[in-house]
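The values are calculated or read from the model by the stated rules, or taken from the named source; none is laboratory data. Just so it is clear, the model here is predicted, and its values are computed rather than measured. Note that we place each Cβ from the backbone using ideal geometry, even for glycine, and neighbour counts take in every protein chain shown. Just so you know, the surface numbers come from the protein's heavy atoms only, side chains and all, with ligands and any DNA or RNA stripped out. Shrake-Rupley method; radii C 1.70, N 1.55, O 1.52, S 1.80 Å.
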Amino acid sequence: MNTHPTTWLRTGRLDAVIAALGLVVALGLLPLAFLSSEAYVRSVPVVLGLGCLLYLVSIRRDVSADRARWTVGGSGVAAAELTGIGLVAITVAAALAGTRTLRVILLAGAVGAFILLQIVFLSDDALDERLVLVQILAHAFVVRFTGLFTTAGFIGVDSWEHVTQFAASVQEAGSLAPLAGGKYYFAPLHHLANVVGSELLGVSLRTSLYLVLGSVLVLSVLLVYGTARYFVDVRWALFATGAFAMTDQAVRWGMHIIPTSLGLVLFLGIVFAVTRLLHAETTRADWAVLLGLIVAITLTHQVSAFVSLVFVGSAVLAQVLVNRVDWITPADQYAGGGDLGSTSLETGESADPVTDGASRSLADTVPLHGAFAFHLVFTGAIWAITPWSAGERFLPRMIGLVWYTLQTSAGFLNLVPSGSSASGGGGGGGSSALAAQVAPYVDALGFLVLLFAAILGSLALVRRHRSPQASHTIVIAIGVMLFFSLGLPLFGIRTFLPGRWYAFAYALMAVVGAAGLRYMGTQFSTRAVAALLVVLMLAFPFAMIAGKKATLDDPTFDEQWPKYSYTESEIAAMGTIGETTPGTEDAIYTDHPYQTAFKSSGAFFGLPINLTSISEAGPPHDRTVYRTYQSTGAPQFTTEDGVVVTRQMSREQICPEASSRVYDNQEAELCTRPGA
């Protein structure tokens, strides 16, 4: 086989050209590791280079060599029973501890790894599609709900505001009038769903949030399965579903349930609807579903709607590429081409993805420019009339904010995002210092594993798939989303809330990553692939479920990552202080994120303490709140230049002996400076 680059160019081997360019880019980015200590800056170029290099090696190999069967026989029912025992153990451990301790996290990771290992290694006869899906859903429910129901109040920042202020006021007024003047007046679906659930079930808004929206979030992972079945066979579609359900971002939005969460559900629906349109002969009903989902996501959350717009735009761009660019050749023009799902990984037997009836021919493209135009016009119109504040509208506000960012704060390697840790906290001992070094890489590991698989899958899908428009759509969308989440922050541009994009990108990366791992299994020695898959299946769920965003309620590294949940005593203090403290222009000063709970719950206006202003007499504020967590966990404060730092503080530093203690419940106390 002639693998010279010029041959790839002449024959339209776009996959090889992209892999070569990716390798060059990765090598060019490696020096950034000397300029920044940020985990992603150091690790992403390495993963990109390894993925592209492995793919280039794979297309030079003779794939006609015999491949030994490496799946194992067994009982799918017995495996499911073991999973059930593990889930019971997780639930009991969380109930006894009253929180998701490290033991609970490790158990959840072990059960997750066991499910993924089943999917990859059980023989076709033992692998029961429905039984595995039940295990994935059960694991997702247990991981999320053990956190939700062992935590007092809410998890995260915005959920307090969306429930205790927005949804509660809508329920009390019986209309959307309380939302007037804010950006959720034209995006109320999350709050309406919460209120309707509360009224129909006769439960509190908090319980409704968990039972209705929390359950919908878990069940929505089935949309990933439906999407993946158009790209890969059953085994790898199950893998994509399980992998996404276990990602830290999927867990995050299943516990910090806000409009972004519902937006993610609707986005998964849009991805499935577009994928179906690109693969199968469809009817007007299918187009109506897509347009309905576009309307719903626009009326739910602004960032989610923008991400959806990017995805549909990617489909339009893919349509142009397939129709106009000669390099985008049909799959059967490549040697060894064909759908990635058309053969079983271990046997080579036919295992075509679902086609829902008559499938489109390879050369067919679906004109999605009409759907994109509708999305753009409808979303833009809604944003143009959505209020922001003081008579200002959302759309011009965002345009002005982007322009202001470009003028003032954009800069290469401006990597310290607002609200992140800029310095290590903890007690300063050797173990704390080591944990501070290890924590960022533990948090990044799951993403890096998924990125590696997605790189392989993207190149493989570009090379061969029965629907070039569909494969290019998902690959382009991943690239654009990672640009928003990783690329723009590299230059100090965070106006688009890059942290919100990961969950949406993960859904696409899980599908493409499944195709990548399957492709790897067809190209390399079975033993080598099996060994690598075992390592990945063990590392991925542990890293994801123990990640920073997946453990907001009880962080894995409790002296490095802030805790976004509170004890009953801390919540009681918040309520009592809010009820008894005179409402003046002065704020309550305490640590972050505790100050956000004061503000978001409506208890009192809270601000973070500025460490540079603290003297022997304590902070120069009339009112400060100390809680025990400030001396034992990972509280965050600000410095003079506005940088957020993680640092433990003693009680005397926050509430000196000379201050007056107005309230104290052993875990939290309000103190005022002398003379205030």
Identify the single condition in (1) surrounded by fewer than 24 Cβ atoms within 10 Å (Cβ to Cβ); (2) touching a Pro at 6+ places or on another chain (Cβ under 9 Å); (3) not charged (D, E, K, R) that LEU293 does not satisfy, given that it satisfies every other one.
(2)
Using beta carbons and a limit of 9 Å, which pairs, at least six apart or on different chains, have the first residue in the stretch 5-32 and of a type in the set (Phe, Trp, Tyr) and modelled with pLDDT under 85 and the second one surrounded by 15 or more Cβ atoms within 10 Å (Cβ to Cβ) and part of a helix (DSSP H, G or I)?
TRP8/LEU14; TRP8/ASP15; TRP8/ALA16; TRP8/VAL17; TRP8/ALA20
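A quick yes/no check of all residues on (1) open to solvent by less than 10 Å² (accessible area, probe 1.4 Å); (2) under 30 Å from ALA546 (Cβ atoms); (3) within 33 Å of the chain's Cα centre (by Cα):
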site: ALA573; (1), (2), (3): yes, yes, yes
site: THR590; (1), (2), (3): yes, yes, yes
site: PRO656; (1), (2), (3): no, no, no
site: LEU670; (1), (2), (3): yes, no, no
Does ILE90 meet the test of being in contact (Cβ under 8 Å) with a residue 60 or more places away in the chain and part of a helix (DSSP H, G or I)?
no
Scan the stretch 432-479 residue by residue and report those that are of a type outside the set (Phe, Trp, Tyr), within 30 Å of THR632 (Cβ to Cβ) and open to solvent by 30 Å² or more (accessible area, probe 1.4 Å).
ALA433, LEU434, ALA436, GLN437, VAL438, PRO440, VAL442, ASP443, LEU445
Going by the conditions given, is GLY602 surrounded by fewer than 18 Cβ atoms within 10 Å (Cβ to Cβ), modelled with pLDDT under 90 and in a loop (DSSP other than H, G, I, E, B)?
yes
Given (1) part of a helix (DSSP H, G or I); (2) open to solvent by 10 Å² or more (accessible area, probe 1.4 Å), number of the condition ALA505 does not satisfy
(2)
Going by the structure shown, is ASP553 of a type in the set (Asp, Glu), within 30 Å of PRO440 (Cα to Cα), within 25 Å of the chain's Cα centre (by Cα) and open to solvent by 10 Å² or more (accessible area, probe 1.4 Å)?
no
Per the filter on the stretch 383-392, residues in a loop (DSSP other than H, G, I, E, B) and open to solvent by 50 Å² or more (accessible area, probe 1.4 Å) are TRP388, SER389, ALA390, GLY391, GLU392
Report every pair of residues separated by at least 6 positions or lying on different chains whose Cβ atoms are under 7 Å apart, first residue within the stretch 43-59 and among the aromatic types (Phe, Trp, Tyr), second buried (at least 18 other Cβ atoms within 10 Å of the Cβ) and assigned to a helix (DSSP H, G or I).
TYR55/ALA19; TYR55/LEU456; TYR55/LEU459
Does the stretch 106-125 include one or more residues that are outside any helix (DSSP H, G or I), acidic (Asp, Glu) and surrounded by fewer than 19 Cβ atoms within 10 Å (Cβ to Cβ)?
yes
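Listed here are the residues, each with its yes/no results for (1) free of Cβ contacts under 8 Å to residues at least 60 places away in the same chain; (2) of a type outside the set (Val, Ile, Thr); (3) under 28 Å from ILE474 (Cα atoms).
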{"residue": "ARG130", "(1), (2), (3)": "yes, yes, yes"}
{"residue": "VAL134", "(1), (2), (3)": "yes, no, yes"}
{"residue": "VAL157", "(1), (2), (3)": "no, no, no"}
{"residue": "ALA168", "(1), (2), (3)": "yes, yes, no"}
{"residue": "GLU172", "(1), (2), (3)": "yes, yes, no"}
{"residue": "TYR184", "(1), (2), (3)": "no, yes, no"}
{"residue": "GLY197", "(1), (2), (3)": "yes, yes, no"}
{"residue": "LEU205", "(1), (2), (3)": "yes, yes, no"}
{"residue": "TYR225", "(1), (2), (3)": "no, yes, yes"}
Return yes when VAL303 is closer than 30 Å to THR556 by Cα, of a type in the set (Val, Ile, Thr) and part of a helix (DSSP H, G or I) and no when it is not.
yes
Which residue, of LEU532, LEU607, LEU611, is without any contact (Cβ under 8 Å) to a residue 24 or more places away in the chain, more than 23 Å from SER169 (Cα to Cα) and over 25 Å from the mean Cα position of the chain (by Cα)?
LEU607
Among the residues of the stretch 19-55, which ones are loosely packed, with under 15 Cβ neighbours inside 10 Å and not in a helix (DSSP H, G or I)?
LEU35, SER36, SER37
Residue in the stretch 95-102 that is under 21 Å from the mean Cα position of the chain (by Cα), modelled with pLDDT under 95, open to solvent by less than 30 Å² (accessible area, probe 1.4 Å) and not aromatic (Phe, Trp, Tyr) present:
yes
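Okay, residues lined up against (1) at pLDDT below 70; (2) open to solvent by 70 Å² or more (accessible area, probe 1.4 Å); (3) over 26 Å from the mean Cα position of the chain (by Cα); (4) not aromatic (Phe, Trp, Tyr):
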{"position": "ALA373", "(1), (2), (3), (4)": "no, no, yes, yes"}
{"position": "ALA381", "(1), (2), (3), (4)": "no, no, yes, yes"}
{"position": "PHE394", "(1), (2), (3), (4)": "no, no, no, no"}
{"position": "GLY400", "(1), (2), (3), (4)": "no, no, yes, yes"}
{"position": "VAL416", "(1), (2), (3), (4)": "yes, yes, no, yes"}
{"position": "GLY424", "(1), (2), (3), (4)": "yes, no, no, yes"}
Can you find a residue in the stretch 153-161 that is part of a helix (DSSP H, G or I), open to solvent by 30 Å² or more (accessible area, probe 1.4 Å) and closer than 17 Å to PRO387 by Cβ?
yes
